Amino acid sequence: MIITVSGAPGTGTTTLSRSLSNELGIRWVNTGELFRRIAAEKGLSVKDLNKVAESGPEIDYLVDDAQKNLAKEGQGIFEGRLSGYLLKADLKIMLKTDLKLRAERISKREAKLFEDALHEVKFREESEARRYEKYYNFDIFDLSIYDLVVDTGKFNEHGTLAIALAAARALPHKV
């Protein structure tokens, strides 16, 4: 079984993906972590690597190819903004919530000022939206490709997990 979990920064994709992986006993592939690893290898911040990635598709394609190759190996929870677009999945989940709530979550998680987190989230989203439109012709704000869309501002992490597990267990080949 392949499940994708997508969403903007601060929506809870990592929390849900980690929990689904634990509950279902299948591996978790975090494409954001792949991107952060590339940034670290190049001695760049994620923000700076986003700027570099806007100049050409090579960085995004590295992450995409790694994700696709891992999916060929078998089941997993694939967490990433484009995972739902790039992978043939049994269940495609999108998490969404209000921008200010997401910035608040990020500011707490990363111990930074709310204003700084808000600015960084806006910058990152704008950068990614431009890249995904330019390189893939994807509208990242189009939710129609997802099987399940959950507003994590309405449900806490346990509620979000319960919804996702119910959807996964309702699939024809139960987990």
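Here are the numbers:
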| item | result |
| --- | --- |
| Options (i) 167; (ii) 112; (iii) 134 - which one matches volume of the Cα convex hull per residue in Å³ as calculated here | (ii) |
| Nearest-0.05 FRET efficiency for E126 and K154, computed from C-beta distance (R0 30 Å) | 0.75 |
| Footprinting exposure proxy for V150, V5, V46 (fewest neighbouring C-beta atoms within 10 Å first) | V46, V150, V5 |
| Of K88/K108; K88/K112; K51/K100; K51/K108, pairs whose Cα-Cα distance is over 32 Å | K88/K108; K88/K112 |
| For the chain, calculated [θ]222 nm from helices alone, where every DSSP H run of n ≥ 4 adds -39500 (n - 2.57) | -17500 deg cm²/dmol |
| Ascending count of other beta-carbon atoms within 10 Å, so fewest first, for Y132, Y146 | Y132, Y146 |
| Separation of the L165 and Y136 label points, Cα + 7 Å toward Cβ, nm | 2.9 nm |
| Residues F35, F141, sorted so that the one with the fewest Cβ neighbours within 10 Å comes first | F141, F35 |
| Residue-by-residue Karplus 3J(HN,Hα) for the stretch 117-134, coefficients 6.51, -1.76, 1.60, Hz, glycine and proline x | 5, 4, 4, 5, 5, 4, 4, 4, 5, 5, 4, 5, 4, 4, 4, 5, 5, 5 |
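A short reminder: the numbers here are calculations on the coordinates, not readings from a lab. A quick note: this is a predicted structure, and the numbers were derived from the prediction, not measured. Glycine gets a Cβ as well: all are built from the backbone with ideal geometry, and neighbour counts include every protein chain shown.
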